[in-house]
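S.K.: I'd like to ask you about the structure that follows.
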Amino acid sequence: MVVSMRVAVVGGGVIGLSVAWAAVRAGHRVVLIDAAPASGASWVAGGMLAPVTEAWPGEEHVLALGSASLARWPGFADRLAADAGRDPGLRTEGTLVVAVDSADRAELAQLADYLASLGRQTHRLGSRELRGLEPSIGTSVRSGLSVPGDLAVDNRMLLAALRAAAVSGGAEPIAVAATSVRAGAVELANGSTVGCDVAVLAAGAWSGGLHPALAASVRPVKGEVIRMRARAGALPPPSRTVRALAQGRQVYLVPRNDNGLVLGATQYEAGFDTEVTVGGVRDLLHDAELVVPGIAEYAVLECAAGLRPGSPDNLPLLGWLEPGVLAATGHHRNGILLAPITAESVLDLLAGRDVPAEVRAADPLRATAYCGGS
Ligand code: GLY
């Protein structure tokens, strides 16, 4: 039997919304505290569910955690569609990684070797095969990898579905910013206090300002994206996500319904700056046009910047900070991917159960080792 607790979820991005929905589903009483839910990094995101193509040597814990969460995504999306009564926007066409010049091809070959050494199967493709799969890919692209298991989701359809499911399940929204979180209470910017049995700190890049144990371990990592749509007569966007190594830089192109396409993303350590820069837009367009030349004919819909919540080792901070305060933050480039396993783990922790094996490495207090805490 579930012991029903009063749970205050601080943060209404993809993680906070997923936790709030999972918690009401499990029978808890939930308040969801955010002055502007679904408006931060989760709103700007490309929406890749891509643990393999985001893999990086030395970050095998991140790959293991991401793979475990990706395995949960189809069930998560089905349950969400049923509870929300709307499509959460999962896309299952898969992912290609492509290379433009000879240095990019060498880097792609290294990535393929690294993934093979971990037992991850990818399929190497030449230029003709690539264009057979995705006719919009340009002739300057010479080689690629197919990673059919890396998926994508329309982040904005997902956020709408999560909000609908959380609120219809009984989560009570409080549209005021939190200023601090401690055991039993969340202080708000309007001077009031929300009492709770457990607070779940899921405030993304702002988490470090809300609890002293996170002050040195969560930092904003800026990313800029461009949203566009193929106009009538233009070659449609690829049906798969295309990630490219383009003359030494990385760019990704994530398709959306109705001929939409999201280009991303720059990555800077620039504090809490969310202005879109000319240089960021120029680089994204330059690199993406090398890969899919037809985007020159597309309509630009939006340029936006978001702040990823970076952690010292790129693993999230997921677990107890102190009795009564759970951290679910620091997801860096992988918040949307990691939403299912994060929500499941928060429920496990609330119920006193063990978390999945891959989550143990994300203990939030490990970060004190990196940050010089005691
Ligand atoms: N997940 C990709 C990014 O953060 O840009």
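Conditions (1) away from the ligand (no atom under 16 Å from the Cβ); (2) of a type in the set (Asp, Glu), marked per residue:
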{"site": "GLU297", "(1), (2)": "yes, yes"}
{"site": "PRO312", "(1), (2)": "yes, no"}
{"site": "LEU315", "(1), (2)": "no, no"}
{"site": "LEU318", "(1), (2)": "yes, no"}
{"site": "ALA327", "(1), (2)": "yes, no"}
{"site": "PRO340", "(1), (2)": "no, no"}
{"site": "LEU350", "(1), (2)": "yes, no"}
{"site": "GLU358", "(1), (2)": "yes, yes"}
{"site": "LEU365", "(1), (2)": "yes, no"}
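S.K.: Just to check your reading of the model, which residue among ALA203, ALA230, ALA234 is of a type in the set (A, V, I, L, M), farther than 30 Å from ARG131 by Cα and away from the ligand (no atom under 16 Å from the Cβ)?
M.R.: ALA203
S.K.: Can you find a residue in region 263-282 that is part of a strand (DSSP E or B), surrounded by 17 or more Cβ atoms within 10 Å (Cβ to Cβ) and within 15 Å of the ligand (Cβ to nearest atom)?
M.R.: Checked region 263-282: at least one residue is part of a strand (DSSP E or B), surrounded by 17 or more Cβ atoms within 10 Å (Cβ to Cβ) and within 15 Å of the ligand (Cβ to nearest atom).
S.K.: Looking only at region 86-141, filter to residues that are under 30 Å from ARG156 (Cβ atoms) and among the hydroxyl-bearing types (Ser, Thr, Tyr); which one of those is surrounded by the fewest Cβ atoms within 10 Å (Cβ to Cβ)?
M.R.: Only one residue tops the list, namely THR92.
S.K.: Also, I was wondering about something else. Here is a list: ALA205, ALA165, ALA199. Which entry is closer than 22 Å to ALA265 by Cβ and either assigned to a helix (DSSP H, G or I) or touching a residue at least 60 places away in the same chain (Cβ under 8 Å) (or both)?
M.R.: Among ALA205, ALA165, ALA199, only ALA205 is closer than 22 Å to ALA265 by Cβ and either assigned to a helix (DSSP H, G or I) or touching a residue at least 60 places away in the same chain (Cβ under 8 Å) (or both).
S.K.: While we're here: Any idea which of GLY132, GLY170 is over 24 Å from the mean Cα position of the chain (by Cα), within 24 Å of ALA82 (Cα to Cα) and not in a strand (DSSP E or B)?
M.R.: Just a single option satisfies the conditions, and that option is GLY170.
S.K.: Another question, then. Going through LEU96, LEU49, LEU118, LEU111 one at a time, which residue ends up being in contact with an Asp or Glu (Cβ under 8 Å, 6 or more places away or on another chain) and at pLDDT below 95?
M.R.: It is LEU118.
S.K.: Further, regarding this structure: Scan region 308-355 residue by residue and report those that are in a helix (DSSP H, G or I) and under 22 Å from PRO57 (Cα atoms).
M.R.: HIS332, ARG333, ASN334, GLY335, ILE336, LEU337, LEU338
S.K.: Also, quick follow-up: Exactly one condition in (1) within 16 Å of the ligand (Cβ to nearest atom); (2) touching an Asp or Glu at 6+ places or on another chain (Cβ under 7 Å); (3) not charged (D, E, K, R) is not met by SER42; state its number.
M.R.: Result: SER42 passes all but (2).
S.K.: Tally up the residues in region 1-58 that are assigned to a loop (DSSP other than H, G, I, E, B), of a type outside the set (D, E, K, R) and more than 12 Å from the chain's Cα centre (by Cα), please.
M.R.: Residues in region 1-58 being assigned to a loop (DSSP other than H, G, I, E, B), of a type outside the set (D, E, K, R) and more than 12 Å from the chain's Cα centre (by Cα): 21 in total.
The values are calculated or read from the model by the stated rules, or taken from the named source; none is laboratory data. The structure presented is a predicted model; accordingly, all values stated were derived computationally and were not measured. Neighbour counts run over all protein chains shown; Cβ positions are idealised from the backbone, glycine included.
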